[in-house]
Amino acid sequence: MPLHESEAIVLQSFPIGEADRIVSFLSRTMGRVRGTAAGVRKPKSRFGSTLERLSHVRIWFFEREGRDLVRINQVEMIESFVGAFADYGSSVALALFSEIIETVLPEREASDANFRLLLLASQTIKRTGKPEVPLAYFALWTVKLGGWLPPFDRCGKCGRQLLENEPLYFSPRAAAVACAGCRAGGMRTVSPVAAKLARKMLTERLDRFVDDPANADLIAAKPVREATDLMLDVIEHQIDRRLKSRELLESPA
Ligand SMILES: [Zn+2]
């Protein structure tokens, strides 16, 4: 039974038996892994609050031959996100993060980019108390890293370069965006400002993006939500089911 050590983010956990939990986590070195933690629900559990959702931890676990579930041996907290869950909007965004990672990433495939995205988006929510832009950014980049994002700067049908102030048309099923002339049935309009927001978010780190006063116009509620909804639609199309936590998202103010 080899012992592994990795940096990880807890995705979710649920009780099993009298005192144990099954824990799903995204490890930096091995990707998404599921394991059991024994005695977690005993009053003096050595795991403490380390297995709360989105905890950024260092984790030690054993592989067990012929079994999917690893045995979690020890967990040390690097950063807790429990406080961020106190705000309703933030808690919904964080729940969406873990649900999306859980459904989009295959088990046991390391993805450092997804790991860093999850951590940075969670940290930005915790730091700013504002979940909207981190959620849009997380959804957009999840789509991008999944290889499902068409280029936003030219029409996939006629190849024409799209102007910055021109609306474009997109469907979660389509592998490309279209200009007004090539728009097909079922394609919805993407406003120029939401498209600009998406382009900009693809070139900047989230923490710098939210702190840059030059982006104030782009970070308005409407385009941010438009981009979020569009990307969540793509994700739902790819995983072929609805995201449960999405139903809890409130309409933008
Ligand atoms: Zn076209």
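The values are calculated or read from the model by the stated rules, or taken from the named source; none is laboratory data. Given the structure is predicted, the values throughout are model-derived calculations rather than measurements. Cβ coordinates were reconstructed from backbone atoms using ideal geometry, including for glycine residues, and neighbour counts include every protein chain displayed. Each accessible area value is taken on the protein alone, full model and side chains, heavy atoms only, with ligands, DNA and RNA left out. Shrake-Rupley method; radii C 1.70, N 1.55, O 1.52, S 1.80 Å.
Some notes on this structure:
- The sole residue among E76, E107 that is farther than 25 Å from G147 by Cβ and either in contact (Cβ under 8 Å) with a residue 60 or more places away in the chain or acidic (D, E) (or both) is E76.
- Filtered residue count, segment 95-144, keeping only those that are open to solvent by 40 Å² or more (accessible area, probe 1.4 Å) and either part of a loop (DSSP other than H, G, I, E, B) or aromatic (F, W, Y) (or both): 7
- Test: residue in segment 212-220 that is in a helix (DSSP H, G or I), open to solvent by 50 Å² or more (accessible area, probe 1.4 Å) and free of Cβ contacts under 8 Å to residues at least 24 places away in the same chain: yes
- Of all residues making up segment 145-173, the number that are open to solvent by 30 Å² or more (accessible area, probe 1.4 Å), of a type in the set (G, A, S) and more than 10 Å from the ligand (Cβ to nearest atom): 2
- F170 meets the stated requirement of being over 18 Å from the mean Cα position of the chain (by Cα) and in contact (Cβ under 8 Å) with a residue 60 or more places away in the chain.
- Residue check for S111: more than 16 Å from the ligand (Cβ to nearest atom) and touching a Gly at 6+ places or on another chain (Cβ under 9 Å): yes
- Candidates V92, V75, V40, V82 - the one that is of a type in the set (A, V, I, L, M) and open to solvent by 60 Å² or more (accessible area, probe 1.4 Å): V82
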